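Heads up, the thing below is written out as structure tokens.
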Amino acid sequence: MGKTGKDIVKSFYEADLIHDAEAFSKYLHPDIELYWNSSFGFSKKNFEDIKKMFTDMAVSFETFRCEISHLIAEENQVSIRYTYFAKTIENPDKEDAIAHFIAIWELKEGKLYKGYQISQQGDNTPESMKSFISQ
């Protein structure tokens, strides 16, 4: 049996996206479209935009990891709630929440194809961080 949609989405977000350039072609459909509403406004990203975004982040971050709090699937759609954490080059001993996200992905041919995402800047307060711990 092949990987489920949840498996594919989880594997993508757990990949080392700032150091593994092959992860993009492995998990992202070449015709991917990401519709992203962030605290900075709306953007639409394609395959090259997403790859470049992570390549650019590699310059600033020593480590970059995703912590998933929710992962729900229905047919070929997967919803995920997660936080990205990073250690900067300037302060490699301190890890901070960079941003919180919720995304809904449609999969096509076993890859992330169409995404609808919202995000806000990371909030490291204990109350906020506890909301990301699955009970």
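The values are calculated or read from the model by the stated rules, or taken from the named source; none is laboratory data. Computed from a predicted model, the values in this text were never measured in an experiment. With ideal geometry, Cβ positions are generated from the backbone for all residues, glycine too; neighbour counts draw on all protein chains shown.
This table checks each residue for (1) under 17 Å from F61 (Cα atoms); (2) touching a helix residue (DSSP H, G or I) at 6+ places or on another chain (Cβ under 9 Å); (3) of a type in the set (A, V, I, L, M, F, W, C); (4) modelled with pLDDT under 95.
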site	(1), (2), (3), (4)
I102	no, no, yes, no
W105	no, yes, yes, no
G110	no, yes, no, no
Y113	no, no, no, no
I118	no, no, yes, no
G122	yes, yes, no, yes
S128	no, no, no, yes
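When you go through D49, D7 one by one, which is the residue that is more than 28 Å from E90 (Cβ to Cβ) and exposed (fewer than 15 other Cβ atoms within 10 Å of the Cβ)?
On the way: D49 fails: more than 28 Å from E90 (Cβ to Cβ).
On inspection, the qualifying residue turns out to be D7.
As an exercise: evaluate K44 against (1) in contact (Cβ under 8 Å) with a residue 60 or more places away in the chain; (2) closer than 16 Å to Y113 by Cβ; (3) touching a strand residue (DSSP E or B) at 6+ places or on another chain (Cβ under 6 Å) and give the number of the one condition it does not meet.
(1)
I'd like the residue in region 86-103 that is surrounded by 14 or more Cβ atoms within 10 Å (Cβ to Cβ) and over 11 Å from the mean Cα position of the chain (by Cα) and, out of all such residues, is farthest from I68 (Cα to Cα).
Filtering region 86-103 down to residues surrounded by 14 or more Cβ atoms within 10 Å (Cβ to Cβ) leaves 86-88, 95, 97-103.
Retained after the next criterion (residues that are over 11 Å from the mean Cα position of the chain (by Cα)): 86-88, 95, 97-98.
Details: A86: 14, K87: 18, T88: 21, E95: 16, A97: 12, I98: 14 Å.
Checking each candidate, the answer is T88.
This table checks each residue for (1) buried (at least 16 other Cβ atoms within 10 Å of the Cβ); (2) farther than 22 Å from G2 by Cα.
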{"site": "F40", "(1), (2)": "no, yes"}
{"site": "S43", "(1), (2)": "no, yes"}
{"site": "S60", "(1), (2)": "no, yes"}
{"site": "C66", "(1), (2)": "yes, yes"}
{"site": "Y82", "(1), (2)": "yes, yes"}
{"site": "E106", "(1), (2)": "yes, no"}
{"site": "Y113", "(1), (2)": "yes, no"}
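Restricting to region 20-29, give me the number of residues that are assigned to a loop (DSSP other than H, G, I, E, B) and surrounded by 12 or more Cβ atoms within 10 Å (Cβ to Cβ). Explain how you work it out, then say what you get.
Residues of region 20-29 that are assigned to a loop (DSSP other than H, G, I, E, B), as a first pass: 20-21.
Checking the rest, the ones that are also surrounded by 12 or more Cβ atoms within 10 Å (Cβ to Cβ) come to 21.
Qualifying residue count, region 20-29: 1.
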